[in-house]
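Accompanying notes for the structure given below.
The values are calculated or read from the model by the stated rules, or taken from the named source; none is laboratory data. Keep in mind the model is a prediction, meaning the values are calculated, not measured. All Cβ positions, glycine included, derive from the backbone under ideal geometry; neighbour counts span all protein chains shown.
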Amino acid sequence: MRYYDLVRVSVREVLRKRRRYIGVLASIALGMAGFIVIITMGNDLKKNFNNDLDLLGGATIINIMFEQPQLERQEWFRDRTLDAVGRIPGVVDTTRVALKTSAVTTWHDRLFGFNLVGCEANYWKVFSFNAAAGRLFDEKDVSEGARVCVVGTDLARQIFGGDKEALGQVLSIDDNLYTVVGILGGVRAGDRSQFVFLPITTARARVVGISQAYSAYVRCATWDDVATVAKAIPGVVRANQPDRALRVNVAWEPLKQVQRIFWWVELFIYSSIVATMILGGFGIWNIMMATVTSRTREIGLKKAMGALDSDILYQFLFEALCVTLSSSVFGVILGRIGIEYMSNMLGSRPPEGLFVFCLLMGLGFAAVLGIGAGLYPSIRASRMQVVDAMRYE
Amino acid sequence: MSNQYDHNDDNALVIDINNLTKDYVTGAGTISVLKDVNLHVRRGEMVAVMGPSGSGKSTLLFILGLFQPATRGGYKVAGVDVLSLSRDQQAIFRREMLGFVFQTCDLLENSTVYENLELPLIYAGVRRRERPDRIREALRMVNLEHRVNQPSNRLSGGERQRVSIARALVNEPEFILADEPTGQLDRENSLRVLEYFTKITEEARTAMVVVTHDNMTAEHCTRKCVLTDGYLNG
C-alpha cells in the first residue's frame, strides 16, 4: 500500500467516523493546551507568583553586607560592584542601603526615636513597596540629594497623628529639615512602620553616622535563581573590590517553603495534564478496540481483496495517529489562545522559541500516544483470519 | 509474483484441485466436510457448485480463495501450488489472481462506488492515474458507469451486487469465486447478474466458480457439480 493511499484512506475513515472520536479529541486537546500553556508561561507565572509571595516573605531577596571587622576598615559597596552583581543571570534589581538605627527627632517638644534608612529609588521596587499616602521619592530626588523623606505608618501616626496629616510636614533630623513627601505602604510596610527613609545621597551628605552603603539588597527573578545568585555573589564582589567580611544573607526557610508549595502545585498541574493525556490514550485504545470489532467484516473483506497484514496494521495505526495528531493541533491552537490571554494578563511575553519547542514536544507526545494506544488494536486487526472475519456477524 | 503463473494459453487450466480434504476437529470427533474433492476449471469456464445447506460449498469456496487451509490434497492455480504459500504470498495471490463476489455484497458503507472499486487497486499498487480508467472499464462491464460517484448505501440490491462484481473484475483476475451471487436478488436482477457473468467469462476468458443452490443460476453455467456428503460429483 502506497504511503499516499495509506494517509488518504486513514484520514477518510477518521473523518467519516469523527463523531465517535470527539470525546478523546477534546480530552487530548485540553491536555495538550494545558501542557503548552504551563510550559511556555511557567517562568512568567513563577515571576508573577514570586511578586505576590515576595510581598509576604521576601523569599527571593538576598541581603549582602559588609560587617565591621576588628581593627580593620569596614568595606562598602562600590558602584561597579553593584553593577556587576546586577548582571548576574537571574538578578532583577539591586539597591544599596545605609542604615542608622538610633535616629531621633522632636515634634512639639516631644522626642521620637526611629530607624533611619538611606536608600536608592529602586528600593521600593525591590521590596514591592508603594505609597500609602503622597509619593515615594524618585531617581531625581536621589540624584539631586533632595531634602525629602518617606515615613513609616506608625511613626507618622505617632508624630503627626495620621498619614495625611504628615504629608508636607517638616521633620528635623540631626539639625537638618526634611519635607515628608509620602507614607510607606505595601504588604510588608508593617516591618518598617517605625522607619524614616531618605535619599541615600542626602543621608550620606547630611546624617551623622551614615557615610557609606555597607548593605545592599538583590532581588532575583524567581526562587529557583536564589541559590545560584547567592553562590555567585562573593566571586563577583571579589572581582570588583575587597570582599573582606562580606556576608550573604538568604532567607532559606521561607524560600524552601515557597519552593515546596510550588513543587506540589507543579506536581498537581503536571499530574492533571498527564492524567488527561493518558485518559485520552485509553479513550483511543478503547475506541480503536471497538472500531476493530465493529469493522471485523470490513477487515475480512479487505484481506479477501488482497490486503497484507501490514496494510491493515498501518491503516489502523495511522487512524489512531490521525486522531491524536489532529487533537494535538486543536490543543496547540487552544494553547496559543491561552498563552495570548495570559500574556495580556501578566503583561509579559514568553519567548517564541519556547512555544515552538512545546509545540514540537506536544506533537511528539501525541504521536507516541497514538502509536502506543493504537498498536494493540491494530495488531489485533492485522492478525485476524480472513475466514473468521468474513463469517463474523 | 504474477510471473510464476501461466497467463498465456486461452484454454489453460486455471484451477486444479486434486484429492482435497477438509476436516474439522470438534469435541465430538473429526468431521470431514470435503472428501477427496477433485475440480478442474479452465479459462472461460463457469462452473456451478451446488448442494444442500451444510454440504461444504462455502468451505470449498473459502479454500479456493485461500481464506482457510485444506487438511490434505493439492491445489494449484495456473500451475502453482498455492497451498504452500506464506500468509503474505497468499494475500498477493488474492490481489493478483482472484476476484470474489459475496452473497451479501459486502460493499464498504459510507463509501462511494469509486472508493469501493479503488480499494483492490490500492492493495495491488496500481498507480493513481491508472485507476479511473480501470474502474470505468469494470463498471462498464456491469453497466454502472453512471453510478461511479454514488454512495454505496444509496444503491439498490441489484446495483450493489453489480458493484460487487465490478470490484471483483477491476484487478483483471484469473478467476472469480462467487458465493450465492443471486441469493438476495429478485428474478430480473438475478438474470442480469448471470448475463454479466457469462459476458465476463466469454470476453475476459476468466474462469469462474459459482456456489449456489439456485437451479436457474446453475443453468447459466457451462458446467454443474454437486457436492453431497463431502464428495463432489460432476
Since residue A:282 meets every condition but one in (1) buried (at least 16 other Cβ atoms within 10 Å of the Cβ); (2) more than 17 Å from the chain's Cα centre (by Cα), which condition does it not meet?
(1)
Just to be sure I understand, how many residues within segment A:295-305 are surrounded by fewer than 24 Cβ atoms within 10 Å (Cβ to Cβ) and within 7 Å of chain B (Cβ to nearest Cβ)?
3
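For segment B:90-142, give me the residue count where each residue is part of a helix (DSSP H, G or I) and either away from every other protein chain (no Cβ under 11 Å) or not charged (D, E, K, R) (or both).
26
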I want to confirm something. Restricting to segment B:216-234 and keeping residues that are in a helix (DSSP H, G or I) and in contact (Cβ under 8 Å) with a residue 12 or more places away in the chain, which single residue is farthest from residue B:19 (Cα to Cα)?
B:216
Restricting attention to segment B:183-216, which residues are at pLDDT 85 or above, buried (at least 17 other Cβ atoms within 10 Å of the Cβ) and among the aliphatic types (A, V, I, L, M)?
B:194, B:207, B:208, B:209, B:210, B:211
Mind checking which residues of segment A:219-252 are in contact (Cβ under 8 Å) with a residue 40 or more places away in the chain, more than 17 Å from the chain's Cα centre (by Cα) and in a helix (DSSP H, G or I)?
A:230, A:232, A:233, A:236, A:237, A:239, A:240
Mind checking which residues of segment B:66-89 are of a type outside the set (S, T, N, Q), within 14 Å of another protein chain (Cβ to nearest Cβ), free of Cβ contacts under 8 Å to residues at least 12 places away in the same chain and not in a helix (DSSP H, G or I)?
B:67
Collect the residues in segment A:361-393 that are among the polar types (S, T, N, Q) and more than 14 Å from every other protein chain (Cβ to nearest Cβ), keeping them in residue-number order.
A:378
In segment A:307-360, what count of residues is obtained for those that are away from chain B (no Cβ under 14 Å), closer than 23 Å to residue A:21 by Cβ and among the hydrophobic types (A, V, I, L, M, F, W, C)?
14
Residue B:167 being surrounded by 22 or more Cβ atoms within 10 Å (Cβ to Cβ), part of a helix (DSSP H, G or I) and not β-branched (Val, Ile, Thr):
yes
I need the full set of residues from segment A:133-146 which are surrounded by 19 or more Cβ atoms within 10 Å (Cβ to Cβ) and touching a Ser or Thr at 6+ places or on another chain (Cβ under 7 Å), in order please.
A:142
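Each row is one residue, and each column tells you yes or no for (1) of a type outside the set (A, V, I, L, M, F, W, C); (2) over 21 Å from residue B:183 (Cβ atoms).
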position: B:14; (1), (2): no, yes
position: B:26; (1), (2): yes, yes
position: B:29; (1), (2): yes, yes
position: B:33; (1), (2): no, no
position: B:38; (1), (2): yes, yes
position: B:51; (1), (2): yes, no
position: B:54; (1), (2): yes, no
Picking from A:290, A:304, the residue that is touching a strand residue (DSSP E or B) at 6+ places or on another chain (Cβ under 7 Å) and under 30 Å from residue B:101 (Cβ atoms) would be A:304
